[in-house]
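Asks: Structure in structure tokens, see below.
We did not get these values from a lab; they are worked out from the coordinates using the rules stated. Here the structure is a predicted model, which means the values were calculated and not measured. Counting neighbours? That spans all protein chains shown, and the Cβs are built from the backbone with ideal geometry, glycine included.
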Amino acid sequence: MAMELLSGETGEKLADLGAVPVEVGAGRVEWNGLLPDGSAVPAGYYMVGLQMKNAWGEESAEYLLSLEILGGEE
């Protein structure tokens, strides 16, 4: 499963979050809220684009999930 971070306002791709292998059925993916350069994603509204690829290289449609990142405690 490949993941990318998109702007919640424009849908513009902000970062490629990488890919992880997944098994059939329900699962869970954890993300530490950091961009590939190690910086934290600022508070705001985003979308996460998910796309699956099978062993034969066939890709699924992209699925979009809403994401709100809250500011940390000061």
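Asks: Quick check on my filter: what residues within the range 1-42 are loosely packed, with under 11 Cβ neighbours inside 10 Å and either among the aliphatic types (A, V, I, L, M) or touching a residue at least 60 places away in the same chain (Cβ under 8 Å) (or both)?
Replies: Passing the criteria: Val24, Ala26.
Asks: Please specify each residue of the range 30-47 satisfying the condition of being more than 15 Å from Leu70 (Cα to Cα) and either touching a strand residue (DSSP E or B) at 6+ places or on another chain (Cβ under 7 Å) or among the basic types (Lys, Arg) (or both).
Replies: Residues satisfying the conditions are Leu35, Pro36.
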